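First the structure, in the form of structure tokens, and then the observations on it.
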Amino acid sequence: MASDHSSLNQTKLCVHQNGDLEQQETLEIETDDFDYSKRSQWLRAAVLGANDGLVSTAALMMGVGAVKQDLKVMILSGFAGLVAGACSMAIGEFVSVYSQLDIEVAQLKRGKKRVSNGREEDQEDDSEEEKETLPNPLQAAAASALAFSVGAMVPLLAASFIKDYKVRLGVVFVAVSFALVAFGCMGAFLGKAPALRSCVRVLVGGWLAMAITFGLTKLIGSSGL
């Protein structure tokens, strides 16, 4: 009898453990079941904004550095690029998101007109919930300007305290390369995309932008224009 009782307890323990394992696996599946495409809109604005600030400011500084070796000129050009780019990103994002907002508001109004009187109250409740999810133009503009500025600060800080011309260009190139890889990994991690492919794509794109800007500016500067 004692043996049967012990076997019964062991069976109950195994069933309990198996139940816990199944529950844990279910929780893991539910945790991983997330629609990462929902992040695409703000992810695009944040990562691409920072990447644009990084690449455009670095390319501008490298282009100016191709013909002007003075540190002050290079820093001023980079700062001007930061301010101009942040303003441009903010205005562009504001106009774009505001247009999207107008379209979605117009769609909500059309949907409200089509409902019957008997469902009017329910439709108003749904409309209130939908209005809370509408895009915010001011928020999008501020986020884009901030993201651009964060990216643009990388080459500015890298070049600010280096007087030697060649060393300065090398440090800017290395700092920007590391930042490009970081932005590529960040975008891939948040969007659950392949990290290596994302990093290589962002890195090669940034290198091409800096190389083309440097080369063309050097060519035009050497021609005496």
Exactly one of Val202, Val172 is touching a residue at least 12 places away in the same chain (Cβ under 8 Å) and farther than 13 Å from Asp52 by Cα, and that one is Val172
Of all residues in the stretch 191-208, count the ones that are part of a helix (DSSP H, G or I), over 15 Å from the mean Cα position of the chain (by Cα) and surrounded by fewer than 18 Cβ atoms within 10 Å (Cβ to Cβ).
7
Looking at (1) at pLDDT 85 or above; (2) surrounded by 11 or more Cβ atoms within 10 Å (Cβ to Cβ), which is the one condition that is false for Trp42?
(1)
Being closer than 25 Å to Gly53 by Cα and hydrophobic (A, V, I, L, M, F, W, C) is the filter; apply it to the stretch 209-225 and report the residue that is surrounded by the most Cβ atoms within 10 Å (Cβ to Cβ).
Met210
Taking only pairs six or more apart or across chains, which ones have beta-carbon atoms under 8 Å, a first residue in the stretch 82-103 that is surrounded by 15 or more Cβ atoms within 10 Å (Cβ to Cβ), and a second residue that is acidic (Asp, Glu) and in a helix (DSSP H, G or I)?
Gly85/Asp52; Met89/Asp52
Single condition Asn51 does not satisfy, out of (1) buried (at least 17 other Cβ atoms within 10 Å of the Cβ); (2) of a type outside the set (Lys, Arg); (3) modelled with pLDDT of 90 or more
(3)
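The values are calculated or read from the model by the stated rules, or taken from the named source; none is laboratory data. This is a predicted model, so every value here is computed, not measured. With ideal geometry, Cβ positions are generated from the backbone for all residues, glycine too; neighbour counts draw on all protein chains shown.
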